[in-house]
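Data first, discussion second: the structure below is written as structure tokens.
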Amino acid sequence: MLKTYQGSCHCGAVRFEADIDLAAGTGKCNCSICGKSRSWGALIKPAAFRLLAGADALSDYQFGSMQGHHLFCKHCGLRPFSRGHVPEIGGDFVSINVACLDNVPDAELAALPVRYSNGRDNDWMHEPAVTRQL
């Protein structure tokens, strides 16, 4: 069910709201940045995302194919969301860091479906063999 969620970084400098159907699934990836940061995202289209505060507090990090903008708060270091364009996953997207959603009960988060992606091998359509570390 589509619901509007509010989210923020740790210090609150970056705040956003997003229309997300969390029951439709979330994702974890084994690429270098997602694996090292233990990223857990919910993909949405850019029209479903609204940055409410903190554009000036965001730093942008890109690497490799330059398809993604890994945005983080320059005050507290958290990555509340990222943006990018990856044709294999539907083009333009915003990936909401599920852990940065405010006021979502732990039991609800624990029940969310998770899909694992093999970004390390650029094999987006198949899960990696090992996922427990993600």
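General observations
- Hey, Leu52 modelled with pLDDT of 95 or more, open to solvent by 70 Å² or more (accessible area, probe 1.4 Å) and not aromatic (Phe, Trp, Tyr) or not: yes
- Residue in the stretch 69-94 that is surrounded by the most Cβ atoms within 10 Å (Cβ to Cβ), counting only those that are of a type in the set (D, E, K, R) and in contact (Cβ under 8 Å) with a residue 24 or more places away in the chain: Arg79
- Given (1) at pLDDT below 90; (2) within 13 Å of Val14 (Cβ to Cβ), index of the condition Leu71 fails: (1)
- For the stretch 25-43, a residue qualifies if it is touching a Pro at 6+ places or on another chain (Cβ under 8 Å) and either basic (Lys, Arg) or surrounded by fewer than 16 Cβ atoms within 10 Å (Cβ to Cβ) (or both), and exactly one does: Gly25.
- In the stretch 95-121, the residues that are open to solvent by 80 Å² or more (accessible area, probe 1.4 Å) form Cβ pairs under 8 Å with partners that are assigned to a helix (DSSP H, G or I) and modelled with pLDDT under 95, at six or more places apart or across chains, as follows: Arg120/Ser32; Arg120/Gly35.
- When Ala57 is tested against (1) open to solvent by 30 Å² or more (accessible area, probe 1.4 Å); (2) closer than 27 Å to Cys11 by Cβ; (3) not charged (D, E, K, R), exactly one condition is not met: (1).
- Tally of residues being closer than 17 Å to Leu71 by Cβ, in contact with a strand residue (DSSP E or B) (Cβ under 6 Å, 6 or more places away or on another chain) and of a type outside the set (Asp, Glu) across the stretch 13-31: 6
The values are calculated or read from the model by the stated rules, or taken from the named source; none is laboratory data. All of these numbers come straight from a predicted model, not from anything done at the bench. Neighbour counts are summed over all protein chains in view; Cβ atoms, including those assigned to glycine, are modelled from backbone coordinates with ideal geometry. Only protein heavy atoms, including side chains, enter the accessible area calculation; ligands, DNA and RNA are left aside. Shrake-Rupley method; radii C 1.70, N 1.55, O 1.52, S 1.80 Å.
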